[in-house]
Structures are given as C-alpha cells and as structure tokens.
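Take a look at the structure set out below.
The values are calculated or read from the model by the stated rules, or taken from the named source; none is laboratory data. Computed from a prediction, not measured in an experiment: that's the story for all the values here. Here Cβ is always computed from backbone atoms with ideal geometry, including for glycine, and neighbour counts include all displayed protein chains. The accessibility values were calculated without ligands, DNA or RNA, using every heavy atom of the protein model including side chains. Shrake-Rupley method; radii C 1.70, N 1.55, O 1.52, S 1.80 Å.
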There are 2 protein chains.
Amino acid sequence: MPSPNLTTFRAQFPALANKTYFNYGGQGPLSDRAFEAIVSTERHIQIDGPFNGKINAALSATCNTTRSAIADLLGVPDTTISLTEDVTVGCNIALWGLAWQAGDQIVMTDCEHPGVIAAVAEIARRFDLTVTIAPILDILNDGDPVAAIVDRLTSRTRLVIVSHLLWNTGYVLPLDEINRACHRFPTETGQTIRVLVDAAQSVGTLPLDLDAIEVDFYAFTGHKWLCGAAGVGGLYVSEAARAHLAPTFIGWRSIKMDALGNPTDWQPNGQRYEVATSAYPLYAGLREAIAVHDEWGTASERYAAICDRALRLWSGLQDLDGVECWSISPPRSGLVSFTHISGQHQTLVSHLETQGFMLRTILDPDCIRACVHYFTTDEEIDRLLTAIANFS
Amino acid sequence: MPSPNLTTFRAQFPALANKTYFNYGGQGPLSDRAFEAIVSTERHIQIDGPFNGKINAALSATCNTTRSAIADLLGVPDTTISLTEDVTVGCNIALWGLAWQAGDQIVMTDCEHPGVIAAVAEIARRFDLTVTIAPILDILNDGDPVAAIVDRLTSRTRLVIVSHLLWNTGYVLPLDEINRACHRFPTETGQTIRVLVDAAQSVGTLPLDLDAIEVDFYAFTGHKWLCGAAGVGGLYVSEAARAHLAPTFIGWRSIKMDALGNPTDWQPNGQRYEVATSAYPLYAGLREAIAVHDEWGTASERYAAICDRALRLWSGLQDLDGVECWSISPPRSGLVSFTHISGQHQTLVSHLETQGFMLRTILDPDCIRACVHYFTTDEEIDRLLTAIANFS
C-alpha cells in the first residue's frame with residue numbers, strides 16, 4: 001500500500017483513480033490543480049477579455065511565468081525558452097532554421113521518433129542533404145553509443161539528432177559526451193556541428209542542467225512526464241546556437257514592430273521561434289503541473305524515485321517466465337521495455353487494457369513499454385506483474 | 001433592447017455579460033456550450049486515458065468531426081482541411097511548402113498582417129525571391145484592387161497573398177476575380193500562380209463556398225468570428241494545390257507508417273500538414289462553437305445580420321462630429337474602422353476600455369476598429385456612439 005502521503009498526492013490526479021497507469025511516456029495525468037489553472041485562466045479571459053489591453057497584458061505575463069518555470073527546470077535563462085505546441089514542433093524549428101547547403105550531412109540515431117525521421121527525410125529532399133544513421137539500438141547493452149555517432153561524423157556534418165532518453169527502450173544517452181564530441185569535431189567550413197535533442201522523455205524525468213552540458217537545441221513537451229495538458233511544449237536554444245538558427249514558421253510573436261506595425265527585427269530571445277495565438281490557459285496549466293512536482297520533491301529526488309520504481313518493475317519482469325527486458329542492467333529511467341514469449345505484444349497490451357492496465361507496444365524494437373513515474377506504487381507494479389504472469 | 005430571443009442567445013456568452021464588446025476581430029467570446037465541450041473532453045481524457053487505445057481512437061474521431069464541421073462551413077470536402085494552431089501557422093504551411101526557385105516573385109497587398117509580412121520577408125531572404133507590394137489601401141473606396149494585383153504579376157510570379165476580408169479596414173476583396181485572374185495568368189514555367197488567402201476575418205463572417213471560387217490556400221482561425229477558444233485554426237488546401245504543396249513542419253500526424261513504424265508516405269489528405277500532439281479538447285470546443293452559430297441561423301442569415309449591425313454603427317459614426325469612417329460606402333463586414341479628429345486613437349480606446357467598451361487601434365492606417373457580430377445589439381451600438389461623442 002502507498003503511504004498516506006503518497007495516497008493523498010496521487011488523489012490529485014483523477015486519471016489515476018480508475019486504472020493502473022503505465023503510459024507516462026505517452027501522456028501524463030493532469031492534476032486537479034493544473035486543470036483548475038486551465039479552467040480559471042479561460043474564465044478569466046472571458047471575464048476580463050477576451051481581447052483588450054488588460055487581458056492581453058495578463059496573458060503575456062502568463063507566457064513569461066511559464067517560460068520561467070520551464071527555464072528553472074532546465075537550468076537555463078528564461079530568454080532561451082520558446083513555447084511550442086509540442087516536442088515535434090520544437091524539433092522542426094531546429095531542423096528548418098539552419099542554413100543548409102547542398103551536400104551537408106545529418107547524423108541521427110536509429111532510435112528516433114517517426115515524426116522526426118519524416119521531417120529529416122523531407123529536409124534532405126528539399127536541400128539535397130545526406131542523412132546517415134548511427135545504429136545504437138543493438139549496442140545499448142554492451143557498446144558505445146558515443147562512438148557509434150562520432151564515427152559517422154564527417155567534415156560536412158552540420159547536425160546530429162539524438163534523443164536524450166530513448167522512447168523505445170528507456171536508455172539514457174550520455175548527452176554531455178555527445179555534445180562535446182560534436183562541438184569539437186573539425187568541419188570543412190569551420191562551422192560547429194550542432195546537436196538537436198529530442199527531449200520528449202527526458203524532461204520531467206531527468207534532473208537537468210543544460211547549460212552545463214553544452215546543449216544546442218532541446219525540444220520537449222509538457223504533456224508527458226511533466227503531466228501538463230496536451231498542446232504545450234517548448235524548445236531550448238542556447239544563445240550560441242540561436243545566432244545560427246533563423247525562425248521558420250513566423251508570426252506576430254516572433255517579431256518586433258515599429259510604430260506603423262511593420263516588422264523591424266526578431267524578438268531578441270526565444271520568442272522569435274514562437275508564432276501567433278496559442279491556447280494560453282494551457283500554459284498556466286503547465287506552470288501549475290511543474291509546481292505540483294516541485295512540492296513533492298526536487299528533480300533529483302523525483303528521478304531517484306522513478307529509478308527505484310523502475311527497478312522494482314524491471315526486477316519483477318526479469319523473474320517472470322517468458323518475459324525478457326530489453327535492458328540487461330537496472331533502468332536509469334521510468335521506461336521499461338520488454339518482450340513476451342508469445343510475441344503477441346498488441347494482444348497482450350489490449351488484454352491488459354481491458355483489465356485497467358495501460359501500457360503500449362513499440363514497433364521497433366518489437367516490444368511492450370511500461371512506464372513508471374515517481375508516484376507509481378508498489379501495489380500497481382505488483383498487480384501488473386501478476387497480470388502479465390497470468391497471460392497465456 | 002434586444003429581443004428576448006437575442007437576450008437568451010447572448011446569455012450563452014459569459015464574456016458579454018460585463019462589458020460592451022467590439023473586438024470580435026481580435027477574439028470572439030466563448031459560449032458556455034463550447035467551454036463545456038472543452039472541459040468535458042478534458043475530463044473524458046482523464047477518465048478513459050490519458051493515453052491508451054480507447055482514448056486515442058476517441059480523440060482521432062474528435063479530429064475528424066471537427067475537420068468535418070469546418071469543411072461544411074467552407075463548402076469543401078473534409079479531406080481538404082488541416083487543423084492548425086492558428087491562422088498564421090496555416091499561412092506558414094502554404095508559404096514554406098512551395099518549391100521556390102531563386103528569382104520567383106511573391107505579390108502581396110499592402111494590407112496584410114505583420115506576422116505574414118515577416119514570414120514572407122524571411123522566405124524571400126532564404127530563397128532569393130522578389131516581393132512586390134500591390135498597394136490597395138488607398139484605392140479601396142474608388143479604385144480596382146484586382147487591377148492593382150494583376151498589374152504586378154509577372155512571368156515569375158508564383159504566389160499572390162491577399163486577405164479575403166481586410167483586418168485593418170473591413171473591406172471584402174473580390175476573391176473570386178483575384179483567383180481567376182491569377183490562375184489564368186501565363187507564367188514562364190507554365191506553373192499556375194497560386195493564391196494564399198489570409199482568412200482570419202472572413203471565416204465566421206462571410207458565407208463561403210471555396211470550391212466555387214477556385215481557392216488554393218485558405219488559412220483561418222477558430223477563435224475570432226467563430227467564437228472558439230484560442231489555439232485552434234485550420235488551413236484549406238485545394239486538391240489541385242495540394243499536389244504542389246509539400247509539408248514543412250512534420251510529425252506523426254503527417255505520415256503513414258509501416259509495420260515497423262517507419263514513415264512510408266504522407267497522409268493522403270489535409271492531415272499531411274498537421275504535426276503532432278495538440279490540445280484536442282479545443283477541437284471539440286470549436287465544433288460546438290460552430291454548432292451554436294448554426295442554431296441561430298444560416299451563414300447567409302448571420303452575414304446579413306452582421307452587415308445590418310455594421311450599417312447601424314457606420315451610419316451612427318458618420319453622424320458624429322470629428323469622426324470619419326474609413327469606408328465611404330456601407331460596410332460589407334463586421335469591421336468598422338474610423339478616425340477621430342483628436343488623433344489620439346490609443347487614448348480614446350483606453351478611455352473606452354475603462355468604461356467597459358472593448359475596441360482596438362490599428363496602426364496602418366492609423367485608426368480605431370470596432371467590430372460587430374450578428375448578435376451585437378442596437379443598444380450596445382448606441383451606447384458606444386454616445387461614449388465616443390462624449391470623448392474630448
């Protein structure tokens with residue numbers, strides 16, 4: 001049984017009341033407090049606005065406090081944060097904003113998300129780029145993913161794309177080493193090789209200090225491990241990288257204007273990558289969602305609890321007949337991927353869903369992914385293990 | 001006094017209860033019914049999800065019914081609609097997806113929105129394009145805006161950018177004629193000149209039948225005249241134009257995948273221009289917002305009422321000393337722009353805001369914009385006229 005404290009904490013999340021939830025990597029549950037922030041902001045917009053000087057100033061302040069809450073979480077200045085609709089939009093901003101030349105090379109791992117793969121393929125087509133895959137999936141248990149990436153860099157490499165925390169297997173890549181190796185690699189033009197990080201799974205999981213590990217572009221979402229509503233994410237662009245990243249999708253939020261409303265310059269900060277009108281109440285919701293986590297414990301404490309929960313799940317799965325975990329070592333994230341001897345992964349996931357257990361399949365590698373958050377209980381994990389053991 | 005029927009109808013909009021609202025062109029008020037749809041969809045996501053097979057299917061259905069409601073409004077097939085975050089994102093999709101060649105020309109009017117102007121400037125810089133402004137602002141009362149555009153077309157013109165309904169002055173451009181003239185203009189490569197329409201002010205105002213008037217790209221938002229929540233808009237791309245418009249920002253919603261999750265092709269319809277996770281509850285809200293309008297009357301009936309309301313306002317303003325309406329003829333939209341002899345437009349708007357009247361300034365031309373919707377009352381208009389008359 002969870003401690004009374006944990007019970008109280010979990011009671012803030014209506015989604016947890018009627019199911020056993022292991023899909024945090026898909027979407028996190030929304031707390032009452034975050035939901036109330038969304039509802040009350042929308043009401044406030046209707047009462048004071050919806051459009052006039054007063055409410056527009058208030059919503060601008062909401063944008064600022066949300067960027068600030070995110071910046072604190074990432075260990076970076078507020079000015080480096082752009083609010084986006086989702087992680088994929090953040091990746092696209094970084095991908096399309098570089099000054100591509102025909103023949104430039106992109107290096108990406110074989111564990112990236114289909115949406116990013118498709119965007120890269122289109123960019124390569126339009127600008128006549130080379131795309132090289134760094135295969136890391138098969139060497140994660142015993143090989144060196146940094147070498148797999150660095151060995152593929154050439155004098156024409158402009159961008160490396162990696163996930164900080166792999167969405168399919170839960171591995172944490174040594175981002176610090178990857179960034180340093182890329183930044184110091186000699187290129188033909190002397191341009192620095194930039195690293196775009198898909199941080200869909202790492203934000204809200206790992207304690208972060210992006211400034212300290214030389215991150216260029218870090219795209220994330222608020223609706224997974226941070227437990228915000230779907231529809232808000234963000235992008236960190238370092239000040240050094242910003243100088244080389246032009247805005248692509250552009251609107252009134254991107255620009256400064258003169259007295260006639262003519263565009264005169266980009267916003268001096270991360271706002272240059274924001275476009276136009278968004279669902280501002282969701283920003284307030286994300287800010288509250290982050291506050292809820294901070295009240296539970298520090299980022300390091302939350303990460304330690306996630307790993308502790310994942311270890312219990314991983315160990316239990318290891319003990320089940322016919323179940324094999326993708327990772328041979330204790331997990332360093334909340335994502336635990338495993339195979340079942342039946343090979344019927346979708347059938348097993350659907351079967352578990354009818355019993356109130358929410359998990360998902362992964363197609364490559366063919367496996368099932370179960371996610372635990374810091375507030376996942378022993379009892380939830382043990383019941384899942386029993387349900388999987390009973391599947392035949 | 002409004003009729004009891006109108007009073008009941010207006011009571012659905014909490015924003016109208018405590019102010020006199022003339023900013024529909026900035027943002028429309030949210031009805032209780034649309035708000036409840038948003039709240040109940042979010043609750044539904046928490047109860048059934050937030051992430052599993054069941055809720056993902058339900059949200060996919062929500063996307064479909066929302067695209068369908070929009071398509072009905074525009075007189076086009078469902079398959080031509082892409083859901084976007086806002087009108088500006090829709091414009092960017094059309095702007096960045098054409099196969100630009102150095103030396104290509106864009107023709108745009110001098111009445112376009114700053115966000116679009118800035119996006120065009122960046123595209124021109126990146127692809128070495130020519131941008132030609134068709135000046136129509138000063139000839140709207142007595143000149144021919146079609147000629148102003150067509151006279152600037154050249155053999156290298158690829159794209160013309162116009163607003164259907166000008167955000168600064170409320171003029172309705174003859175889109176049918178503009179489309180036909182552009183589509184029949186001979187170009188060097190034989191490629192059709194496409195027309196991108198900023199429809200921020202026209203959707204929810206004008207009765208529309210886009211198929212009948214040869215529209216290529218029509219970008220709009222749900223949060224202005226349609227009275228949806230901020231954060232949802234859309235883009236219509238005709239089937240003919242779709243063949244020439246590549247997706248730019250790309251994610252899992254844009255693509256089809258094989259059994260390993262590898263991207264294999266674009267979605268066959270407008271979904272190819274959608275990216276990734278969005279605020280789905282707002283889609284449900286927009287669908288309800290459209291339903292609320294349809295219950296009041298047909299699109300033609302609503303448009304007739306808007307023009308009737310605008311005529312009352314425009315006529316009343318004409319009668320005020322020191323006030324001059326931008327348009328010399330009766331308005332054909334709900335946007336009525338005027339100047340005040342004091343020249344202190346921001347001061348007047350701020351003064352009116354303290355009295356509960358919500359209007360806005362426009363910077364170019366320097367004026368004040370008051371918007372009426374079909375449910376604006378005589379009494380609201382008359383009180384505004386008195387308040388302006390009393391300003392000194």
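Each residue, residue A:33 and residue A:192, gets one label point 7 Å from its Cα in the Cβ direction; the gap between the two is 3.7 nm. Report residue B:288's accessible area, 1.4 Å probe, all protein chains in place, as a number in Å² to the nearest 10. For residue B:288, solvent-accessible area is about 40 Å². Neighbours of residue B:221 by Cβ distance under 11 Å: Lys/Arg scored +1, Asp/Glu scored -1, total -2.
Highest mobility in the GNM of chain A, judged by mean-square fluctuation with C-alpha springs under 10 Å and restricted to A:330, A:114, A:186, is found for A:114. The same position residue B:318 in the other copies lies at 8.5 nm from this copy, comparing label points 7 Å beyond Cα toward the beta-carbon, shortest first.
When DSSP assigns beta bridges and you keep just the ones with both residues in chain B, what percent turn out antiparallel, to the nearest 5? Walk me through the intermediate numbers first.
Details: 23 of 42 bridges.
If I count the DSSP bridges inside chain B, around 55 percent turn out antiparallel.
For the pair residue B:392 and residue B:324, label points projected 7 Å from Cα toward Cβ lie 2.2 nm apart.
GNM on chain B, alpha-carbon springs under 10 angstrom: the most fluctuating residue among B:281, B:331, B:365 is B:365. Each pair of Cα atoms in chain B enters the Kirkwood radius, and Stokes-Einstein at 37 °C and 0.692 mPa s then converts it into a translational diffusion coefficient of 149 µm²/s.
For residue A:58 and residue A:211, a Förster radius of 35 Å and the Cβ-Cβ distance give a FRET efficiency of 0.70, rounded to the nearest 0.05.
A label point on residue B:341, set 7 Å along the Cα-to-Cβ line, lies at 9.4 nm from each of its counterparts in the other copies, closest listed first.
Candidate cross-link partners of residue A:256 among the lysines, defined by an alpha-carbon separation under 21 Å and a same-chain spacing of 8 or more, comprise A:54.
Quick one: grab the alpha carbon gyration tensor of the range B:129-245, order the square roots of its eigenvalues as a ≥ b ≥ c, and give me rounded if a/c is under 1.5, else prolate or oblate depending on whether a/b is larger than b/c.
The shape class here is oblate.
Rolled with a 1.4 Å probe across the full set of protein chains, the surface gives residue A:244 an accessible area near 100 Å².
On average, how many beta carbons from a partner chain sit within 10 Å of the beta carbon of a residue in B:15-22? Mean shielding count: 3. Placing a label point 7 Å from Cα along the Cα-to-Cβ direction at residue A:18 gives distances to the equivalent points in the other copies of 3.3 nm, listed shortest first. Averaged over the residues of peptide A:23-31, the number of Cβ atoms from other protein chains lying within 10 Å of each residue's Cβ is 4. In order along the range B:121-131, phi translates into HN-Hα couplings of 4, 5, 5, 4, 5, 5, 10, 6, 9, 9, 10 Hz, rounded to whole numbers, per the Karplus curve 6.51 cos²θ - 1.76 cosθ + 1.60 with θ = phi - 60° and x for Gly and Pro. Report the calculated FRET efficiency for residue B:308 and residue B:366 (r = Cβ-Cβ distance, R0 = 35 Å), to the nearest 0.05. Step by step, r from the Cβ atoms, then E = 0.80.
Could you work out the relative contact order of chain B? I mean the mean sequence separation of Cα pairs under 8 Å and 6+ apart, divided by the number of residues, in percent. The partial results should precede the final answer.
Values: 755 pairs, mean separation 84.7, N = 392.
Rounded, it is 22 percent for chain B.
Model label sites at residue B:315 and residue B:126, defined 7 Å from Cα along the beta-carbon direction, differ in position by 5.0 nm.
Amide hydrogen proximity for residue B:333: with H placed 1.01 Å from N in the peptide plane, no residue at 5 or more positions away or on another chain lies under 5 Å.
Over the protein assembly as shown, one equal point on each Cα, no solvent: what is log10 I(q)/I(0) by the Debye formula at q = 0.05, 0.07, 0.11 Å⁻¹? The Cα Debye sum returns log10 ratios of -0.26, -0.51, -1.21.
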